Amino acid sequence: MGVALTRAAQWTAAGFGTGTLELTPLNEAILNDIIKFVETFSVKYSQEAEFVFKEPLEWKTTLEPSEFESGYIVSGTTVQSEENSKDGQPLLLLSGNDIKVSSFGQLSRLLHLAKDKKLKETQACLEANRDPVVKILGAGYGTVEGEDLSTIRFLDKMKKDDDHENIKMKISLLLQQLDMLLLNNSLKHISLEIRLNPSVVKNDVDLLKHFSGKGEQTVLESIDYTSDFEFANGCRAPPWRQMHGEICYLIVKPHDCDSICLTCSTAGVFVNGGIENEAHEIDYERRSEIYKDLVTFLREKSAKFSENMSKQKLSFFGGKKKEKKKLKSITEKEEIPNLPKASLVLQKSPSEKRRMVRKLEPSLKWTSSIIPQQKKESAKESQDEKSILSTTDKPKSVSPSTSAGKTQSSSRRKSSIKIEDLISESSSESEEDEEQPDHRQEGQTDLPSEYWQIQKLVKYLKGGNQTATVIALCSMRDFNLTQETCQLAIRDVGGLEVLINLLDTDDIKCKIGSLKILKEISHNSQIRRTIVDLGGLPIMVKILDSPDKNLKCLAAETIANVANFRRARRTVRQHGGIKKLVELLDYAQSKTEPMHRHCLYETKDVEVARCGALALWSCSKSHANKEAIRKAGGIPLLARLLKSSHENMLIPVVGTLQECASEEHYRAAIKAERIIENLVKNLSSENEVLQEHCAMAIYQCAEDEETRDLVRQHGGLKPLAALLNNTDNKERLAAVTGAIWKCAICKENVTKFREYKAIETLVGLLTDQPEEVLVNVVGALGECCQEQENRVIIRRCGGIQPLVNLLVGTNQALLVNVTKAVGACATEPENMMIIDRLDGVRLLWSLLKNPHPDVKASAAWALCPCIENAKDAGEMVRSFVGGLELVVNLLKSENKEVLASVCAAITNIAKDQENLAVITDHGVVPLLSKLANTNNDKLRQHLAEAISRCCMWGRNRIAFGEHKAVAPLVRYLRSKDTNVHRATAQALYQLSEDANNCITMHENGAVKLLLDMVGSPDEVLQEAAAGCISNIRRLALATEKAKYS
Amino acid sequence: MSLKRLMCGIDLRDLKKVVTALSKAATHFNQNEMECLVKLFYSFMEKGCEQGIQEGLDRSEFRNILHSVFGMTDDMLMNRVFGAFDKDNDNHISTREWVEGLSIFLRGTFEEKVKYCYQVYYLNGDGYISQDEMFDMLKNSLLKHSVEEDPDEGIKELVEIALKKMDYDNDGKLSYEDFERAVKKDHLLLEVFGPCLPEIEKCLEFETLVFRDINNEFQL
């Protein structure tokens, strides 16, 4: 904590005597961390809490003796703790204002007593004790800059093995941990702070000067620097103050208050002590809060300023377009935290004359374009602040360099999203409108007439009672709210704030009217973000509790629209919205109470459930929300709603299920709740969207084996096959083919599909379809091809050519499926002839160079049947220039699947003697040997097969032994997989032809394992094991013979 | 004002007679509920009697009830509500008018409420709500926020907005047809010129209190 206190904390007069800790946000954060540490200390480390400090911490407290409760002896102005140290001194002593505390236990009790004065007490304590570590533990533990002997010291102490010292060390360690924590946190804090720089300040001041002077229309009476001298770095503060980040001092005279003396520093703008008359010295002490820039400060201080400022806006705006280029060179927009400044920079416009003419025209353009953005910025900032704990940004440099600013701000933004989302979002997440930039063209000159009318209505919303408000709300809905101009106009005139405020009122009509508008305009992504920024979601979530069903519906529908991006979805969840939305689903079941008959704005219960489902659908795009829906008991309710016959209810319900089915839990629940049955039923609905989502849900769920059977048992395969014939709706087609693909993993389903002639239809879909469809079609065909009969069908309807044609694509998922399908087809010699003729093998071979390991592996697998079934396979393989070298080099891959597939390919390649010779020359033996130490059974099997094949050439057997491949192979016999056993036994049999290998095998206990294998029902395994044993035995006999002869 | 205290009985036979007479009136109440309401009416009357009022509830008495029982606050609107209740314009609410009015208040269908609201809003009996009337009803609807602006100007504009929204035949005034059509299109416009129906919560409160209490009494 020493380092953090000396370096990170912002002391007013750094380094001189007893400075004071300023209450900057950073210091506050540090203090709060320290408080948290001390408060929990006695709970977490009870033994250490009793440790008596070397010297008590002393400071002047504001606590009154009366505030001390039990455990203390209070007499007049002195208070003593009942707890005493060994030598009889009280651990806490208060006399007058002076307080002495000498243990952590007492410190934390004190903080509990201090309640809301905690911060102040801690601050006072630290101010009085600049290096508390020394006082607590003794001088040896002081913070010495630049060296850290603590670990060495610990080592020394360790030897002594003394209880007291142990505790001391532990405390010292704890304090160091705290120190690290503080430093880390303050680093984050500093990195988030927005720093002003001299050029920005200068621009602001220059601009404000233009608009200052006598008269009503100016923003200020005067603004001046205190010093005319400007240093080379743009600062006007004397060098010794520049060290504190101060840039310059200003004297500002607003219209409506006295002149203010300001300090502009890199941290922001604040009021200083003013100029002391005699000495003309400035009192540098900070007297106000820190504002992030000059304009913000003045807006806050002077009402006249902000009023006139808004009148000046048009003129600020006028120069904007022309100055765009200049703006970029001066300051990158991104870097400046708020927009007004950006446009202030523009003020050094050459078109000054025109500006001066126009400046008197009052206009709302400024308001319209600047204020919402400014708000957004500040909202973003606050969001960033929240993310402090998770950000790990490097501290920000103060450099005004634009590029640095840009990267910082972008990394900052990223880190703010990072918090929980990156892990919590599901793959189905659409990145859609995440932090999308504002597209509005700047400086647009003509505002549509709607803009002014809407502005007028918003005025009534703001200044009217409920009657006027309702009229204005109703009238607002006469505008075309689906039009972006109107949506943005509402936002730009500050209508969103009012609409959201109305949600917080008691008047039901206002709420309904406001929600009706919000529901419409929230189709716009910018509006959505503004609604979230303005805190609209928590209020809407609260409205879900309202007894009025109409309100519930509207709120849920609006949430459904707004929750289209992560932050919004998270907000809904964090405010308990998911649970409430799930409760809405229950509405369809409950009976209408007669009491509600007179409810004016009647809504059906089904509608409530529908809106709930709609909102859940939007929310279910986030992983954590899916979990929340499940926990809130949403699945049974969704299952029940699925039985309904209302189409517009079914769509969001199925949509939610489909979205959630990406989760294992859901798939299990979907099975358990008999949801598949209803999904299948709705496949036959008239509604295409519903069909699409049902198919999509089946696609997601059919990952599971039982579900695949369920789909068949409920007769889902036929409607799926039937839907294939309608190819106009591509989304639906993609969903349907996806469902067919996943269902086709089950053999019985494939038989059904064949019955329904789905395979022929699928082949027909191999051309002229978008990639989403193709991936699924090819995937389905790949599954179907596992059966011989289907392979023939595919050939007959000319499916091989389009499949091979797809091998030249780039889509990774598609390539994986295509290679699989081609590979499956190639198991049929007749198919193979066609593939060969179409040069398919070469295409497959070149896919081995694909960067994606999945594609590589899939291509290598596909090559195996090709080589196996091609005529003159050896010749064909040799004809690929560099092909064999490529394959052998793939053995260096890291990916197990790639390795296994390549081993399988090598097994097939090595069947040709000549090719075996070539790959031996390419060093296949050492590469295979290197792989031998693996635990992956799939790889083991194919590796053993490859080794056994490769043994057939030259001295490869001996080489495998030399490369130590034999011993690991013996261990494979202990695997549980019989395929591995067979392959291994065969490999060992081949290797045992070499005497040295026999010795290795024997040494590694192969004989006993092989003896067990001889008893296997698998004849190949039997034979190989027996052969191997006989080789070993023969060697032993020969040796014995040699001994005696 | 506690309702319970007002429930002093009237002669049971008289009560039955009154209720039977009223049963022909088109209301949404059953016999029992009607009895409760009539009883309540008489207890209000009784209180009024002390001040020498006989024929029914007079304006101030009725406004008291609107205020304390149904939470209405706007004086002008309460007068108008009285006008709408008092169908025979005798400045007194009779038992029949009372029961019929409450029927709309508590259980009125949408159509009944539209008709009722229109009655509240139009005064001078020419069958239209004129711009002047609208102005009158809306004149307090804007909070005075800036000194410079003419408050009347704002109200005039508001009237224009309302008219634009509701005046389908563009004659510058609202006929019942205009009103009905606009309200049917957007239910929020029902109480467009000021709240003249009690809030749902108040209705529920009223019903539970009045009906339950009296039912209990009968059982006793």
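Kindly list the number of the only condition in (1) part of a helix (DSSP H, G or I); (2) modelled with pLDDT under 90 that fails for A:GLY715. With respect to (1) part of a helix (DSSP H, G or I); (2) modelled with pLDDT under 90, A:GLY715 is out only on (1). Can you tell me which residues in segment A:968-993 are buried (at least 22 other Cβ atoms within 10 Å of the Cβ) and of a type outside the set (A, V, I, L, M)? Hits for segment A:968-993 are A:TYR972, A:HIS981, A:ARG982, A:THR984, A:GLN986, A:GLN990, A:SER992. Whether a residue is at pLDDT 90 or above and not charged (D, E, K, R) was assessed, and A:ALA995 does not pass this test.
Taking helices (runs of 4 or more DSSP H) as the structural unit, those lying wholly within segment A:793-880 and holding at least 2 residues that are free of Cβ contacts under 8 Å to residues at least 12 places away in the same chain correspond to A:873-879. Taking the numbered list (1) crowded, with 16+ Cβ neighbours inside 10 Å; (2) out of contact with any Asp or Glu (no Cβ under 9 Å at 6 or more places or on another chain) in turn, A:ALA734 passes all entries but (2). On the basis of being touching a helix residue (DSSP H, G or I) at 6+ places or on another chain (Cβ under 6 Å) and more than 26 Å from A:ASN850 (Cα to Cα), does A:ILE740 make the cut? Taking the combined requirement at face value, the residue satisfies it. Scanning segment A:203-248 for residues being exposed (fewer than 15 other Cβ atoms within 10 Å of the Cβ), polar (S, T, N, Q) and in contact (Cβ under 8 Å) with a residue 60 or more places away in the chain gives a total of 1. The sole residue among A:ALA721, A:ALA744 that is over 33 Å from the mean Cα position of the chain (by Cα), more than 27 Å from A:MET833 (Cβ to Cβ) and among the hydrophobic types (A, V, I, L, M, F, W, C) is A:ALA721. Screening A:HIS596 with (1) buried (at least 17 other Cβ atoms within 10 Å of the Cβ); (2) at pLDDT below 90; (3) within 14 Å of chain B (Cβ to nearest Cβ) gives one miss only, at (1).
Filtering segment B:180-208 to residues that are under 18 Å from A:CYS474 (Cα atoms) and out of contact with any Cys (no Cβ under 8 Å at 6 or more places or on another chain) leaves B:GLU180, B:ARG181, B:ALA182, B:LYS184, B:LYS185, B:HIS187, B:PHE193, B:GLY194, B:PRO195.
Here's the yes/no breakdown for (1) aliphatic (A, V, I, L, M); (2) at pLDDT below 75; (3) in a helix (DSSP H, G or I); (4) farther than 21 Å from A:PHE37 by Cα:
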| residue | (1), (2), (3), (4) |
| --- | --- |
| A:THR62 | no, no, no, yes |
| A:VAL74 | yes, no, no, yes |
| A:LYS86 | no, yes, no, yes |
| A:ASP116 | no, no, yes, no |
| A:LEU126 | yes, no, yes, no |
| A:LYS135 | no, no, yes, no |
| A:LEU155 | yes, yes, yes, yes |
| A:ILE167 | yes, no, yes, no |
| A:ILE171 | yes, no, yes, no |
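All told, B:LYS156 falls short of being at pLDDT below 85 and closer than 18 Å to A:ALA472 by Cα.
For A:TYR460, indicate whether it is modelled with pLDDT under 90, more than 14 Å from chain B (Cβ to nearest Cβ) and surrounded by 16 or more Cβ atoms within 10 Å (Cβ to Cβ). Judged against the criteria, A:TYR460 is not a match. For segment A:938-952, the count of residues that are more than 20 Å from A:LEU1009 (Cβ to Cβ), surrounded by 15 or more Cβ atoms within 10 Å (Cβ to Cβ) and among the hydroxyl-bearing types (Ser, Thr, Tyr) is zero. Determine whether segment B:105-122 contains at least one residue that is farther than 30 Å from B:GLU33 by Cα and without any contact (Cβ under 8 Å) to a residue 60 or more places away in the chain. Yes, the conditions are met somewhere in segment B:105-122.
When segment B:172-211 is filtered for residues that are within 9 Å of chain A (Cβ to nearest Cβ) and of a type in the set (Phe, Trp, Tyr), only B:PHE193 remains. Looking across segment A:465-498, just one residue is more than 14 Å from chain B (Cβ to nearest Cβ) and of a type in the set (Lys, Arg), and that is A:ARG491.
One residue stands out among those in segment A:823-851 that are small (Gly, Ala, Ser) and under 22 Å from A:CYS784 (Cβ atoms): the one that is surrounded by the most Cβ atoms within 10 Å (Cβ to Cβ), which is A:ALA826.
Looking only at segment B:188-202, filter to residues that are touching a residue at least 24 places away in the same chain (Cβ under 8 Å), part of a helix (DSSP H, G or I) and of a type in the set (D, E, K, R); which one of those is surrounded by the fewest Cβ atoms within 10 Å (Cβ to Cβ)? Across segment B:188-202, the extreme among qualifying residues is B:LYS202.
Is it true that A:THR482 is crowded, with 21+ Cβ neighbours inside 10 Å and in contact (Cβ under 8 Å) with a residue 12 or more places away in the chain? When the stated conditions are applied, A:THR482 does not pass them. Scanning segment A:761-792 for residues that are assigned to a helix (DSSP H, G or I), surrounded by fewer than 16 Cβ atoms within 10 Å (Cβ to Cβ) and not polar (S, T, N, Q) gives A:GLU771, A:GLU789, A:VAL792.
Only one entry of A:LEU26, A:LEU91, A:LEU31 meets the criterion of being modelled with pLDDT of 80 or more and either over 21 Å from A:GLY138 (Cβ atoms) or surrounded by fewer than 18 Cβ atoms within 10 Å (Cβ to Cβ) (or both), and that entry is A:LEU31. Counting only residues that are in contact with a strand residue (DSSP E or B) (Cβ under 7 Å, 6 or more places away or on another chain) and either in contact (Cβ under 8 Å) with a residue 24 or more places away in the chain or within 17 Å of A:LYS135 (Cβ to Cβ) (or both), segment A:91-122 holds 14 of them.
The values are calculated or read from the model by the stated rules, or taken from the named source; none is laboratory data. No experiment lies behind these values; they were computed from the predicted model shown. Note: ideal-geometry Cβ built from the backbone for every residue, glycine included; neighbour counts use all protein chains shown.
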